Amino acid sequence: MEEQQPTVDHLRRHLAEYSPQLAGGGQCSAAVALVLRQGAEGVEVLFIHRARNAADPWSGNIAFPGGRIEADDDDAMMAAMRETAEEVGIVLERDQLLGRLDDQHGVRINVWVSCYVFVSTATVGATAADEVQHAFWYPLEQLLSSERHGRFAVDWHGEQSLVPAIKLHDDLPVLWGLTYRFISNFFAASAILPATLAACTFK
């Protein structure tokens, strides 16, 4: 039987019931936003392709909009919302929040990051040229395709590694690292993990 494509209502219901594992003790120093929208052919996910910058440890990677939690931010969610507005021109509201995912700790960088899931009807605005090369919406259905999942070679500041990742387009780097782990958590929290991916460890 063909699997039905996830709907925003399905995602909203399951994310509202999900209890994320949090770092605790205010350990998170950065926050990102996983933004969804209803596209013409189904739910889409917003990604950014980070600009190449020697000062950015995630330079050139596929990521979610987000960044460091600043002293003026009320909380981590506010930081994710602020960074999304700054990086891609999308203003998020608290009532657009669908839920929160597990906090993730960097493997190669000692940082805790939180991730908040929003739904929006906005279009991508002007991107922050010094941080974001470009932003784009990607179909959730394709993101779930087992043909796009595998182990791929990546370059981490001159060090080659074979890592679990998702291949989006030939002209883009693969999606890996913290963003991959958040996406994997999102699949599980939303109860949309296809049977073909159920055996993956996502580590």
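Points to keep in mind about this one:
- Residues satisfying the stated conditions in the stretch 117-153, i.e. touching a Lys or Arg at 6+ places or on another chain (Cβ under 8 Å), polar (S, T, N, Q) and outside any loop (DSSP other than H, G, I, E, B): 133, 142
- Filter result for residue 36 (over 23 Å from residue 89 (Cβ atoms) and in contact with a strand residue (DSSP E or B) (Cβ under 9 Å, 6 or more places away or on another chain)): no
- Meets criteria (in contact with a helix residue (DSSP H, G or I) (Cβ under 9 Å, 6 or more places away or on another chain) and on the phi < 0 side of the Ramachandran plot) for residue 120: yes
- Flag for residue 197 being crowded, with 19+ Cβ neighbours inside 10 Å and at pLDDT below 95: no
A quick yes/no check of all residues on (1) modelled with pLDDT of 95 or more; (2) among the charged types (D, E, K, R); (3) closer than 21 Å to residue 113 by Cβ:
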{"position": "1", "(1), (2), (3)": "no, no, no"}
{"position": "15", "(1), (2), (3)": "yes, no, yes"}
{"position": "18", "(1), (2), (3)": "yes, no, yes"}
{"position": "25", "(1), (2), (3)": "no, no, yes"}
{"position": "29", "(1), (2), (3)": "no, no, yes"}
{"position": "37", "(1), (2), (3)": "yes, yes, no"}
{"position": "47", "(1), (2), (3)": "yes, no, yes"}
{"position": "74", "(1), (2), (3)": "no, yes, yes"}
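- Residue pairs meeting the criteria (Cβ under 8 Å; at least 6 apart or on separate chains; first in a loop (DSSP other than H, G, I, E, B) and crowded, with 16+ Cβ neighbours inside 10 Å, in the stretch 54-72; second at pLDDT below 90 and hydrophobic (A, V, I, L, M, F, W, C)): 69/28
- Enumeration of residues in the stretch 105-129 that are at pLDDT 90 or above and loosely packed, with under 14 Cβ neighbours inside 10 Å: 121
- Among the residues of the stretch 26-42, those identified as in a strand (DSSP E or B) and either under 17 Å from the mean Cα position of the chain (by Cα) or within 21 Å of residue 80 (Cα to Cα) (or both) are 28, 29, 30, 31, 32, 33, 34, 35, 36, 37, 38.
- Criterion: under 30 Å from residue 157 (Cα atoms) and among the β-branched types (Val, Ile, Thr) - qualifying residue of 90, 62: 62
- Scanning the stretch 78-97 for residues that are surrounded by fewer than 22 Cβ atoms within 10 Å (Cβ to Cβ) and either within 14 Å of the chain's Cα centre (by Cα) or part of a strand (DSSP E or B) (or both) yields a count of 1.
- If you check 122, 128 for being out of contact with any Cys (no Cβ under 8 Å at 6 or more places or on another chain), over 23 Å from residue 177 (Cβ atoms) and in contact (Cβ under 8 Å) with a residue 24 or more places away in the chain, only one passes: 122.
The values are calculated or read from the model by the stated rules, or taken from the named source; none is laboratory data. A quick note: this is a predicted structure, and the numbers were derived from the prediction, not measured. Using ideal geometry, Cβ is built from the backbone for each residue, glycine included, and neighbour counts are taken over all protein chains shown.
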